[in-house]
Every structure is written in C-alpha cells, then in structure tokens.
Amino acid sequence: MASARAERALEAAGHEVVRCHEPGKWGSACKALEDGTCVLAGVDVALTVREPPFPRAAPFEDGVTCALRSHVPLVVAGNPVLNPFERWATEVLDRGDDIVAGCERAAAAPLPRHGELATEALRTVLELHGLDPAEAEAVVHRRQSVLRVTLHTPQPLSRALAEVAAVRVIAAVRELDHDAVGIDVTVAGADAESQPG
C-alpha cells in the first residue's frame, strides 16, 4: 500500500509519523473523537497519499480538512488526477516523486497568508512612525505548532519600535491562526526579540 510505504520512508529518514485514523479500521472515528487528543498538535506537515483518482475527499482524508483549517502545510502524493486538494496543497507529488523530500520542503516553506498579514501589520507600524515601509517584510514558518515570525526592515529598529511591531504582528497572525500553540517574533537587525503570542 502506497501510504504504508510513505510512512516507512518518512520514519527511515528520522521523521515521526502520526495518523488521524488507526490503519485498517474502516469506519473508525478520528483519534480526536476516540480519545480526545488531536494528532495535529505539534505536526509540521500533513500528507495524504491518493491512490485511485477520485474528485472528492476519501473517507480517511477527513484529517486533510482539519490540517488545512489549522494552517498545517499539506503534501498530496500519489495519483494527481482529480485531486480535490490541489489549490490548497503546498506540494503536489506524482507517483515516483520523493515523498520525504516533498514533506521536508513543505515543512520548511514559509506560510504565504501568514506572511502577507504579518507584513501588512509591520508596514503599518513603520508608516505610523514615519519610516519607509516599502521593503519591510515578514516571513512566517511553522515549527511544532509554533509560528516563527522573522521581521526584516530596511533600517534597524529601536527596541521600543521593534516591540510595537512585534505586538501588532502577533495580533494580525493570531487573528488568522487560532490553533497555533504560540507565536515567536524575531526582528532582524534590532535589539529585540518578541514575546510569545
């Protein structure tokens, strides 16, 4: 089975693999409903391995929707035909593609929507304080359910202004992502590190 092969490959590469459903238990509820613990907590990337082409989510793919709602990067592997998740996937892999490499790329990739909102908040703060916001940028990554935000500005910020920017950025990102365990902000080139969110 392709999903079992993918699991073995990921574990052989040193990655911990968790499943939303117990393998082979058709009709079983997800683990969160079974024992109250969602396996998505601490997950850096979600993977679904699609075998027969099908235009809708398969019964065991309900975890994909949960992952997307929690803003966990998604990798879709296997048969790319009739992929219902294509528009939301961080990586789409064809048969024969390296699943481990695809998952590692997805986990390491910045979160685009988070970055857009964080950048907008950062630029608003700079503009309000009379600084040119044009080249300021925020980059957001997910690590074990914690969002790591790095703020890049064309000029160094004072500690006080860096803290204001961090607070605004945390608020903007938190409004999008309620499920993140924390939000850590680093201001590149400033004498400040943020508070957790």
- Query: Out of (1) assigned to a loop (DSSP other than H, G, I, E, B); (2) without any contact (Cβ under 8 Å) to a residue 40 or more places away in the chain; (3) over 22 Å from ASP94 (Cβ atoms), the odd one out for ALA32 is which?
  - Reply: (1)
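Residue-wise test of (1) more than 13 Å from VAL49 (Cβ to Cβ); (2) under 12 Å from the mean Cα position of the chain (by Cα).
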{"residue": "ALA67", "(1), (2)": "yes, yes"}
{"residue": "GLU86", "(1), (2)": "yes, no"}
{"residue": "ILE99", "(1), (2)": "no, no"}
{"residue": "ALA107", "(1), (2)": "yes, yes"}
{"residue": "PRO110", "(1), (2)": "yes, yes"}
{"residue": "HIS114", "(1), (2)": "yes, yes"}
- Item | Wholly enclosed helices (runs of 4 or more DSSP H) of the range 36-137 bearing at least 1 residues outside the structural domain of HIS152 (by TED's automatic domain parsing), over 24 Å from VAL169 (Cβ atoms) and of a type outside the set (Gly, Ala, Ser) | 62-69, 99-108
- Of the candidates ALA192, ALA172, ALA160, ALA188, the one satisfying the condition of being more than 30 Å from VAL39 (Cβ to Cβ) and modelled with pLDDT of 90 or more is ALA160
- Checking ARG8, ARG69 in turn, the sole residue that is surrounded by fewer than 14 Cβ atoms within 10 Å (Cβ to Cβ), modelled with pLDDT of 90 or more and farther than 23 Å from ALA101 by Cβ turns out to be ARG69
- Message: What's the total number of residues in the range 144-166 that are in contact (Cβ under 8 Å) with a residue 60 or more places away in the chain and surrounded by 14 or more Cβ atoms within 10 Å (Cβ to Cβ)?
- Response: 1
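The values are calculated or read from the model by the stated rules, or taken from the named source; none is laboratory data. This one's a predicted model, so the numbers in the text were calculated from it and none came from an experiment. Note: ideal-geometry Cβ built from the backbone for every residue, glycine included; neighbour counts use all protein chains shown.
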